[in-house]
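Engineer: Just passing along the structure, written as C-alpha cells.
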Amino acid sequence: MPERRTVALVTLGCARNEVDSEELAGRLEADGWQLVEDAEDADVAVVNTCGFVDAAKKDSVDALLEANDLKDHGRTRAVVAVGCMAERYGKELAEALPEADGVLGFDDYADISDRLQTILSGGIHAAHTPRDRRKLLPISPAERQEAGTAVALPGHGPVDLPEGLAPASGPRAPLRRRLGGAPVASVKLASGCDRRCSFCAIPSFRGSFISRRPSDVLNETRWLAEQGVKEVMLVSENNTSYGKDLGDIRLLESLLPELAEVDGIERVRVSYLQPAEMRPGLIDVLTSTPKVAPYFDLSFQHSAPGVLRAMRRFGDTDRFLELLDTIRNKAPEAGVRSNFIVGFPGESEADLAELERFLNGARLDAIGVFGYSDEDGTEAATYENKLDADTVAERLDRVSRLAEELVAQRADERLGSTVHVLVESVDEDGVHGRAAHQAPETDGQVRLTGGEGLDAGRMVEAKVVGAEGVDLVAEPLPGSPGCTKEAGR
C-alpha cells in the first residue's frame, strides 16, 4: 500500500496566487497526495509566496519561518517555497533562508509532486538561478501562443489533460482543485504583462503577456459553477490586454456575455484594468450586460502628469475624471477602485496636490495608498531625486487619511440605493456579503440586517440603510432572498 503523503498549501498575496495554489493542489491530488487545511497536519507545507513589495515579501518570509517551527513539534517534515518570491529570487532566497527545505520556481510546477517527494525523502532539488522571463517568449504577441506551450505559465494548465488528471465532473474540468468553499472564485484570463512601469518588477518574473483561450476560461467557469461558485472574478496582470496575442484585442467584450450565461453563475467581475487601454466597447459591455458587475478596478497609480511619465504611464487628472464621467453616465452606481503610489522619486508638493485634486473629484469606492520604495531591478530604483523616508511616510499618512474620509463619503452616497448582495458568511457575527461594487478582500462588505435564514451563496436584493466607513448596512427587500434578475447590475 503506498505511503500516505499529506500536503498543505499556504497562500499569500493576490488572487492570481490563489489560482496558482489551486492548480498545484489539483496536480498533487491527482498524484495521490492528501490535501489538508492546516500546515501542522501536513508532511509538507507549501508556502505560495508574494514578491511584489517589501511588506509582502516580509509576510512571505514570516510564513516560511512559522511553518518551519512546526517541524519541531508537529507532523511537518518539510517546508517548501513556491510563488512569485521563490521565482524572483530562487537560489538567492534558498541561501538566505536555509529554513526552507526547497525553493521551487514556476518551471517546477508541472513536476510538483516529484519535487516534493524528493524533498520529503531527504533529497535536494537545487533552486533555480532567476532569469528575466520576458525573454522566454517572442516580442511579438502574435507569435506567443505556440511558444507559450513550452513555457511554464502558472494557472493556465494544459488544454488536453492527461487521463485521470481532471476532477470527477468531466473532461471540461480544469487542472485545479478548490481549496475552500467560498461562493466566489478567481479565474485567470492571462499571465504576464507587456507594460514597463518603472516601479514594477512583476513582468521580469511573471513574463510577457499571454492570454488563455476563451474556451479554457469558459470551461473553467462551468466547472466552478458545478462546485457551487456563484461569482467569478477574472484576474491577470492586465485584463484590458486580453486577446491581443489571439488576434482580437476586443475578445473580452465577446467573452463576458458568454461567461454571464453559464448556468449557476450569478455575477462576473473583471479586475485589473488599465485606464490608458479602456475602450468604449469594453465600457459598454461592463455597464450594460446582465450579471456582469459594473465594476472598474482601474490602476491609476497617480494623476500628476510628470509623475505618471516618470512611472512610464499615461494620463492626467482631467482625462481620468473624464473616463469616470463616461462610466457613470452609463451606470451611475458603478463601482470604482484604484491604488496610488505617493512619494515617487521627484514628486513635488504640487504633484501631491494634483493627486489630491483627483481623489476629491473621483468619488472612488475603495482606495489603496502605498508609499514608494525601491524594488530590485526596476528603472525607478535608479532614479535620482529620491524623497527621504520621513517625507514619504508623511505623504502616505496624509493621503491615506484623505482616502479614508473620501471612501466613507462615497459609501454614504449609497444610502437608500438598492444593491444585490452575494452572501458570503453566516455566523455569530451576522450575515455578510458583497454588492456589485465590492470585490473580495479589498473593497469592504455589506452587513445584512434581518437576514436570518440566509445561506452563503445566495444573491439577495437589499436596500442600503447605513454605512460604517467603507462598509454598508442593508435590509433585504420583500421577495428576497434569491433575487437573480440582472444580479450583477
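The values are calculated or read from the model by the stated rules, or taken from the named source; none is laboratory data. Treat the numbers as computed from the prediction; the structure is a model and nothing was measured. We place every Cβ from the backbone using ideal geometry, glycine too, and count neighbours over all the protein chains shown. What goes into the accessible areas is simple: the full protein's heavy atoms, side chains included, and nothing from ligands, DNA or RNA. Shrake-Rupley method; radii C 1.70, N 1.55, O 1.52, S 1.80 Å.
Engineer: Does THR391 satisfy the criteria of being out of contact with any strand residue (DSSP E or B) (no Cβ under 9 Å at 6 or more places or on another chain), without any contact (Cβ under 8 Å) to a residue 60 or more places away in the chain and assigned by the TED database to the domain that holds SER303?
Structural biologist: Considered against the rule, which asks whether it is out of contact with any strand residue (DSSP E or B) (no Cβ under 9 Å at 6 or more places or on another chain), without any contact (Cβ under 8 Å) to a residue 60 or more places away in the chain and assigned by the TED database to the domain that holds SER303, THR391 comes out as yes.
Engineer: Ok, one more. Give the residue that is nearest to PRO294 (Cα to Cα), with candidates limited to residues of region 309-319 that are under 23 Å from the mean Cα position of the chain (by Cα) and open to solvent by less than 80 Å² (accessible area, probe 1.4 Å).
Structural biologist: ARG313
Engineer: Still on this model: Collect the residues in region 225-259 that are aliphatic (A, V, I, L, M) and open to solvent by 10 Å² or more (accessible area, probe 1.4 Å), keeping them in residue-number order.
Structural biologist: ALA225, MET233, LEU246, ILE249, LEU251, listed by residue number.
Engineer: In region 416-435, is there at least one residue being in contact (Cβ under 8 Å) with a residue 40 or more places away in the chain, open to solvent by 50 Å² or more (accessible area, probe 1.4 Å) and farther than 18 Å from SER338 by Cβ?
Structural biologist: Yes - at least one qualifying residue is present in region 416-435.
Engineer: In region 217-274, which residues are among the charged types (D, E, K, R) and part of a helix (DSSP H, G or I)?
Structural biologist: Correct list: GLU220, ARG222, GLU226, LYS244, ASP245, GLU253, GLU258.
Engineer: Looking only at residues in region 377-392 that are out of contact with any Lys or Arg (no Cβ under 8 Å at 6 or more places or on another chain) and among the charged types (D, E, K, R), which one is most open to solvent (accessible area, probe 1.4 Å)?
Structural biologist: Only one residue tops the list, namely GLU384.
Engineer: If I filter region 27-60 down to residues being among the small types (Gly, Ala, Ser), open to solvent by less than 10 Å² (accessible area, probe 1.4 Å) and in contact with a Lys or Arg (Cβ under 8 Å, 6 or more places away or on another chain), which single residue comes out as nearest to GLY371 (Cα to Cα)?
Structural biologist: Checking each candidate, the answer is GLY51.
Engineer: Given the residues ALA408, ALA403, ALA362, which is the only one that is touching a residue at least 24 places away in the same chain (Cβ under 8 Å), of a type in the set (Gly, Ala, Ser), open to solvent by 10 Å² or more (accessible area, probe 1.4 Å) and within 29 Å of LYS463 (Cα to Cα)?
Structural biologist: It is ALA408.
Engineer: Check off (1) modelled with pLDDT of 95 or more; (2) at negative phi for ARG312 and give me the number that stays unchecked.
Structural biologist: Just one mismatch for ARG312, condition (2).
Engineer: Could you check, for region 112-122, whether at least one of its residues is more than 27 Å from SER373 (Cα to Cα), outside any helix (DSSP H, G or I), open to solvent by 60 Å² or more (accessible area, probe 1.4 Å) and free of Cβ contacts under 8 Å to residues at least 12 places away in the same chain?
Structural biologist: The answer is yes, given that some residue of region 112-122 is more than 27 Å from SER373 (Cα to Cα), outside any helix (DSSP H, G or I), open to solvent by 60 Å² or more (accessible area, probe 1.4 Å) and free of Cβ contacts under 8 Å to residues at least 12 places away in the same chain.
Engineer: So, one more: Out of the residues in region 275-301 that are in a loop (DSSP other than H, G, I, E, B) and of a type in the set (D, E, K, R), state the one that is most open to solvent (accessible area, probe 1.4 Å).
Structural biologist: Per the stated criteria, the residue is LYS291.
Engineer: Name the residue, out of LEU234, LEU251, LEU246, that is of a type outside the set (S, T, N, Q) and closer than 21 Å to THR442 by Cβ.
Structural biologist: On inspection, the qualifying residue turns out to be LEU234.
Engineer: If ASP397 satisfies all but one of (1) under 30 Å from SER373 (Cβ atoms); (2) open to solvent by 70 Å² or more (accessible area, probe 1.4 Å); (3) part of a loop (DSSP other than H, G, I, E, B), what's the number of the condition it fails?
Structural biologist: The failed condition is (3).
Engineer: Could you list, in sequence order, all residues of region 70-86 that are in contact with a Ser or Thr (Cβ under 9 Å, 6 or more places away or on another chain) and in a helix (DSSP H, G or I)?
Structural biologist: LEU70, GLY83, CYS84, MET85, ALA86
Engineer: Return yes or no: is GLN445 modelled with pLDDT of 95 or more, open to solvent by 50 Å² or more (accessible area, probe 1.4 Å), within 18 Å of LEU364 (Cα to Cα) and not assigned by the TED database to the domain that holds HIS302?
Structural biologist: Against the criterion (modelled with pLDDT of 95 or more, open to solvent by 50 Å² or more (accessible area, probe 1.4 Å), within 18 Å of LEU364 (Cα to Cα) and not assigned by the TED database to the domain that holds HIS302), GLN445 qualifies.
Engineer: Right, next: With closer than 20 Å to ARG212 by Cβ, surrounded by fewer than 22 Cβ atoms within 10 Å (Cβ to Cβ) and at pLDDT 95 or above as the only criterion, which of VAL262, VAL270 stands out?
Structural biologist: Only one candidate passes the filter, namely VAL262.
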